[in-house]
Amino acid sequence: MAVRERDWTFLIGGALRSAEDGRTFPVIDPYTVGLLADVPDASPSDADAAVDAARAALPAWRKVPVLERAKHLYRLADIVEANAEELAFLEMVDTGSPISNARADVTLAVQQIRMYANLALELKGQTIPASSGLHYSIRQPEGVVVKISAFNHPLMFGCRFAAPVLAGNTVVVKPSELAPLSMLRLGELIVDEFPPGVVNIVVGAGASVPDRLVRHPAVRRISFIGSESTGRAIQRAAAESGVKHVTLELGGKNAMVVFEDVDVDEAALGAVKGMNFTWSGQSCGSNSRVLAHSSIVEELTDKIVDLVRARKIGDPMDEATEQGTMIDRGQYEKSLEYIEIAKQEGARVVVGGGRPEGPGFDDRFFVEATVLTDVRPEFRIAQEEVFGPIMSVIPFDTEDEAIRIANGVDYGLTASVWTKDLNRALRVVEEFEAGYIWVNHSSTHFPGTPYGGVKRSGVGAKEECLEELLSYTEEKVVNVVY
């Protein structure tokens, strides 16, 4: 499948076009470390054009009956499904993630689009018996929405424009410059599906484009998935340019708490799954801190190490590959740097710890799945999000100590507790400072369950659920006095 030779374009105002000034930027294949594609490099004027197109399309789109808007989403899902293998291939070469992951993300994108379409008639208000008159509310679209997403799940995150579009908004989608290809290709596939300007897709290599999108006076609503530092920059830019509705889904330093009564084999499987080594740990929900009761910590660690050693790392196109590369050199070097920092602080590497040895790994962005022991809760590796394949195992002695360690970070995205004691599980769940929690499970997102975090892990409406859809509306209250 030719990638480098083709001309990549934006979707703006129902037309496919290059950057206004003709500039491009290189997208690097994380596996070969070679040039993957030259992609149009948007300027602030391109960002303005996308927002202007969205603003022009808004009055007509918001008047389209909601079931008609839902039909567009059902067709969008069909388009993604019909082109699943191509989109998965682009996702794989763009991110370095195994092809099996890419296919799973395309499937999830289709499911989520259809979920939002199925919720169309839930865009309803309420009646309030406040007096003998009539008091009711209606939900109306917010306006022009900007969605800026991360590199680790480009298509799945990008396709969440389905929620604001169903709510009657128009959208500008800005995928990560590190992995833009699947969303740019989707723009080509849907160019005739929505009225011009309803969905716009642009990407730029620097900070100027997202900054311009956030600050544009016509933008009423901003949704961002990515790092805490960028999220705070978006909050700041939004506040400086107006009163805007901002939702952020940011990082995590998530804890998996394992008590002494568990099936240790099952807990080890859960720890490896929950660390998302499959994505080289590049997932905000990864349980990068495994807190294990001191009576089982050695046994659990040994079983985790055995599972990690058995995993296949290598060519993302190989169907047997279970872990690919980091997204780019920056993430590769950051992961190795944090391993060295952890060792300097006193942590011990029990498996992994660097680039794999052997043919096919030299000068490429591979980092081995790494497990650290002798980690103290105050170590940087136990406090800061790395976004790499590094798991820290930390022992505890009491329930209170486990809760204190789990909550002793600035983040609060996910957490899990493993125990056969239901009363203890519910006590711990009540104390966790996290937004999405599993009991005797890890990693899986369940359809319709609100996903999002607290503390520095995010703010605003939860995702993947009705709450997210409703968050793209404004409630108007009407009081009819007889």
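Quick notes on this one:
- On inspection, Thr473 passes the criterion of being assigned by TED's automatic domain parsing to the domain that holds Gly133 and farther than 21 Å from Ala109 by Cβ.
- Qualifying positions in segment 189-202 - of a type outside the set (Phe, Trp, Tyr) and in contact with a helix residue (DSSP H, G or I) (Cβ under 7 Å, 6 or more places away or on another chain): Leu189, Ile190, Glu193, Pro195, Pro196, Gly197, Val198, Val199, Asn200, Ile201, Val202
- The set of residues in segment 376-405 that are crowded, with 22+ Cβ neighbours inside 10 Å and under 16 Å from Gly353 (Cβ atoms) comprises Ile381, Val386, Gly388, Pro389, Ile390, Met391, Ser392, Val393.
- Annotation note: of Glu319, Glu299, the sole residue that is surrounded by fewer than 24 Cβ atoms within 10 Å (Cβ to Cβ) and closer than 21 Å to Leu90 by Cα is Glu319.
- Only listed residue being under 30 Å from Pro356 (Cβ atoms), under 26 Å from the mean Cα position of the chain (by Cα) and not assigned by TED's automatic domain parsing to the domain that holds Tyr472, chosen from Val3, Val27: Val3
- Identification of strands (runs of 3 or more DSSP E) wholly contained in segment 366-482 with 1 or more residues that are over 30 Å from Arg114 (Cα atoms) yields 370-373, 390-396, 414-418, 473-480.
- When the strands (runs of 3 or more DSSP E) confined to segment 129-202 are screened for residues that are crowded, with 24+ Cβ neighbours inside 10 Å, those reaching at least 3 such residues are found at 144-148, 170-174, 199-201.
- Any hit, segment 204-220, residues being assigned by TED's automatic domain parsing to the domain that holds Leu469, surrounded by fewer than 17 Cβ atoms within 10 Å (Cβ to Cβ), over 18 Å from Ala42 (Cα atoms) and in contact with a Phe, Trp or Tyr (Cβ under 9 Å, 6 or more places away or on another chain): no
- Considering residues of segment 218-246 that are hydroxyl-bearing (Ser, Thr, Tyr) and either under 13 Å from the mean Cα position of the chain (by Cα) or not in a helix (DSSP H, G or I) (or both) only, the residue modelled with the highest pLDDT: Ser223
- Asp318 more than 30 Å from Asp261 (Cα to Cα), in contact with a Lys or Arg (Cβ under 9 Å, 6 or more places away or on another chain), in the same structural domain as Asn440 (by TED's automatic domain parsing) and not basic (Lys, Arg): yes
- Within segment 400-432, the residues that satisfy the criterion of being under 23 Å from the mean Cα position of the chain (by Cα) and either within 15 Å of Met256 (Cβ to Cβ) or hydroxyl-bearing (Ser, Thr, Tyr) (or both) are Ala406, Asn407, Val409, Tyr411, Gly412, Leu413, Thr414, Ala415, Ser416, Val417, Phe432.
- Of Val308, Val350, Val290, all but one fail to be over 27 Å from the mean Cα position of the chain (by Cα) and buried (at least 17 other Cβ atoms within 10 Å of the Cβ); the exception is Val350.
- Residue match in segment 259-276 (condition: closer than 29 Å to Pro395 by Cβ, of a type in the set (Asp, Glu), touching a residue at least 40 places away in the same chain (Cβ under 8 Å) and outside the structural domain of Pro389 (by TED's automatic domain parsing)): no
- Residue check, Val209 outside any strand (DSSP E or B), under 27 Å from Ser286 (Cβ atoms) and touching a Pro at 6+ places or on another chain (Cβ under 8 Å): no
- Ala104 being of a type in the set (A, V, I, L, M), more than 29 Å from Ser18 (Cα to Cα) and either at pLDDT below 95 or surrounded by fewer than 24 Cβ atoms within 10 Å (Cβ to Cβ) (or both): yes
- Selection status of Leu35, hydrophobic (A, V, I, L, M, F, W, C), over 14 Å from Gly204 (Cα atoms) and under 24 Å from the mean Cα position of the chain (by Cα): no
- Scanning segment 129-153 for residues that are over 16 Å from the mean Cα position of the chain (by Cα) and of a type in the set (Lys, Arg) yields a count of 1.
- Identity of the residue in segment 454-478, surrounded by 22 or more Cβ atoms within 10 Å (Cβ to Cβ) and charged (D, E, K, R), that ends up farthest from Val146 (Cα to Cα): Glu464
Table: residues versus (1) assigned to a loop (DSSP other than H, G, I, E, B); (2) farther than 29 Å from Val454 by Cα; (3) not charged (D, E, K, R).
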{"site": "Leu248", "(1), (2), (3)": "no, no, yes"}
{"site": "Lys253", "(1), (2), (3)": "yes, no, no"}
{"site": "Val262", "(1), (2), (3)": "yes, no, yes"}
{"site": "Ala268", "(1), (2), (3)": "no, no, yes"}
{"site": "Glu299", "(1), (2), (3)": "no, yes, no"}
{"site": "Leu307", "(1), (2), (3)": "no, yes, yes"}
{"site": "Asp315", "(1), (2), (3)": "yes, yes, no"}
{"site": "Asp318", "(1), (2), (3)": "yes, yes, no"}
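- Scanning segment 44-72 for residues that are under 21 Å from Ala205 (Cβ atoms) and either in contact with a helix residue (DSSP H, G or I) (Cβ under 7 Å, 6 or more places away or on another chain) or of a type in the set (D, E, K, R) (or both) yields a total of 5.
- Selection within segment 434-453 - crowded, with 18+ Cβ neighbours inside 10 Å and either among the β-branched types (Val, Ile, Thr) or over 14 Å from Gly412 (Cβ atoms) (or both): Trp438, Ser442, Ser443
- Only listed residue being outside the structural domain of His153 (by TED's automatic domain parsing), more than 30 Å from Lys455 (Cα to Cα), out of contact with any Leu (no Cβ under 7 Å at 6 or more places or on another chain) and of a type in the set (Phe, Trp, Tyr), chosen from Phe379, Phe366: Phe366
- Pair list, Cβ under 7 Å, 6 or more apart: segment 431-448 residue at negative phi, other residue among the acidic types (Asp, Glu) and surrounded by 17 or more Cβ atoms within 10 Å (Cβ to Cβ): His445/Glu464
The values are calculated or read from the model by the stated rules, or taken from the named source; none is laboratory data. Note that the coordinates shown come from a computational prediction; the quantities given were computed from them, not determined experimentally. Because the Cβ atoms are built from the backbone with ideal geometry, glycine has one as well, and the counts that use them run over all protein chains shown.
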